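Shown next, in structure tokens, is the structure this report addresses.
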Amino acid sequence: MSLDHSRAPVLEAVDAFRRKGMLSFSPPGHKQGLGVDPEVRRILGASVFEHDLLASGGLDDRRMRGQYLQEAERLMADAVHADHTFFTTCGSSLSVKAAMLSVAGPEQQLLLGRDAHKSVVSALILSGIEPVWVEPRWDPERHLAHPPSAQDFAEAFAAHPNARGALVTSPTPYGSAADLRGIAEICHQHGRPLIVDEAWGAHLPFHQDLPTWAMDAGADVCVTSIHKMGTGLEQGSVFHLQGDLVEPEVLQNRADLMGTTSPSVLVYAALDGWRRQMALHGHELVSHALETAAELRVGIEKIDGLHVNDAADFCGPGLADSLDPLPVVIDLAGPKLSGYRVADWLREQRSINVHLADHRRINVQITHADSPATTAPLLDALRDLARTAHSWDEASVVAVPPPAELRMEQACLPRDAFFAATDDVPISEAAGRVAAEAVTPYPPGIPVILPGERLTEPVLTYLRTGVRAGMNLPDAADPDFRTVRVVR
């Protein structure tokens, strides 16, 4: 390691601010907790407010001459083999937007995997970028999408030679990963950058038994959520950059365009501390997580009616390139169980929250914070579930269409549809109309309907039956999906 990774510049500066007993006549208005409601202080803790301060004119002086944040970003870049790293307190949703706007602009084309997160759609609406959708690799048996292949992107570039670059999501929330080296090579043959939405891959640089890390695979920009598979606070995200296809000043400028001018120093400090933890102990910590996940997988496989998806299920010709085993994806057999139903039962009856649920799966995310102390209660709950479910009524059926019927015509740009005059029409009258909103099962947050797509009956039926079974559609104008917003 070329830099001193035992240091955490932002974390140290936050601690120094408190120890100096500095007096602030500036935001935040609680004045290091002096004005906080006593009940709020009791629940959240006094330390949260003592360490909550301005980045400029608090943590650092008004001209940021201490360079604490910049030094922390340099250390992060060094730890993960990037040329540049930028912190953000607005989550990877902002980071993805900044990356896309650094590569393409209004009416320019960008190749995008159609399994992209809703933040990608938000960037299309804000920017006016024209999407060229690259189909995921569909597993019709398991009703699951894996990232597009390098060949898929090669064919997309051949059909759209003016595309400004490409974006792929890898790993997916289900752990399936793309051939990033191959996709990066295709992009670079065309002189275009590759953006990787690696929000679920913060741990990847620190262990050889995980899918290839985007920077090591040759990607140009990589977005990572430290709060997902790392130990940062919620909204803690970084984006990494290497090579000369995207200028660091442009990337920083685009992030500044959308980011807050009041970033949370608490989030910065947690990012900084996580980098130090992983740079010094990352291999050991990820090894522990992999062992914990492996033991959990063995335990779940012994439970009647449950199956843990592994590389044999998710990887191979026409499927994913590799698999991250830390998202433990449990396939639920039989007509009485659905992911929605099981997720609700685990929360309500056993006080256990899962990461995501769909019509036939739940996903329990394992990190180095887990151990038998957390997995043993989960296994006990799943055993109880298997015994209890025999007495349940059959679960509502979700009419999942075949892959060919999931895709709809992009009739106009997402931006044009989103800002058009609209009507809310009954689902029974919506087929053939052009959607003016995104409709996104959450989690994992991958839109089924995009603004500008011409609606079809199979997709409408899928969502209608999904909501009846327990699917969550938080961004739809009508979350109960009795109506849908369309272009007038």
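Its relative contact order, with pairs defined as Cα atoms under 8 Å and 6+ residues apart, puts the chain at 14 percent.
Could you tell me the calculated FRET efficiency between Glu185 and Ala404, based on Cβ-Cβ distance and R0 = 25 angstrom, to the nearest 0.05? It would help to have the intermediate numbers written out before the result.
Values: r = 29 Å, r/R0 = 1.17.
Calculated value: 0.30.
The lysines whose alpha-carbon is closer than 26 Å to the alpha-carbon of Lys20, local same-chain residues fewer than 8 away aside, are Lys31.
Tell me the chymotrypsin sites (Phe, Trp or Tyr not before Pro) within the range 1-67 that lie in a loop according to DSSP and have at most 12 other beta-carbon atoms within 10 Å.
Passing both the DSSP loop test and the Cβ count: Phe25.
Beta-bridge orientation, the range 42-164: approximately 35 percent antiparallel, per DSSP, counting only bridges with both partners inside. Would you mind getting me the FRET efficiency between Asp304 and His283? Use the beta-carbon distance for r and R0 = 60 Å, nearest 0.05. E between Asp304 and His283, to the nearest 0.05, is 0.95. Straight-distance candidates among the lysines for linking to Lys336, with alpha-carbon spacing under 24 Å and chain neighbours fewer than 8 residues away dropped: Lys302. Let me make sure I get this right: for the range 348-423, a, b and c are the square roots of the gyration tensor eigenvalues over alpha carbons, sorted descending. Under 1.5 in a/c it's rounded, otherwise prolate if a/b > b/c, else oblate. Which is it? The shape class here is prolate. Using a Förster distance of 51 Å, how high is the FRET efficiency between Asp4 and Glu107, based on the Cβ-Cβ distance and rounded to 0.05? Once rounded, the FRET efficiency stands at 0.65. Take every DSSP beta bridge whose two residues both sit in the chain; close to 70 percent of them are antiparallel. Qualifying trypsin sites (Lys or Arg not before Pro) in the range 32-91, where qualification requires a DSSP coil assignment and no more than 13 other C-beta atoms within 10 Å, comprise Arg62, Arg63, Arg65.
Give the residues of the range 82-107 whose amide nitrogen is closer than 15 Å to a point set 7 Å from the Cα of Gln208 in the direction of its Cβ. What the label zone holds, given the 15 Å backbone N cut-off, is no residue at all.
If I stretch the segment between Arg65 and Leu126 completely, what's the gain in nm (0.36 nm per residue apart, minus their alpha carbon distance), one decimal? Before the final figure, lay out the partial values.
Values: separation 61, 0.36 × 61 = 21.96 nm, distance 3.37 nm.
Computed gain between Arg65 and Leu126 is 18.6 nm.
Considered as an equivalent ellipsoid built on the Cα gyration tensor, the chain has semi-axes of 35, 29, 24 Å, the largest given first. Of all lysines in the structure, the ones whose alpha carbon falls short of 21 Å from that of Lys97, not counting any fewer than 8 places away in one chain, are Lys118, Lys228. Charge tally for Ala399 (other residues, Cβ to Cβ under 14 Å; Lys, Arg +1; Asp, Glu -1): 0.
Read the figures in this text as sums done on the coordinates, not as results from a lab. Quick caveat, the model's predicted, so the values are computed rather than measured. A quick note on method: Cβ atoms are made from the backbone with ideal geometry, for glycine too, and the neighbour counts reach across all protein chains shown.
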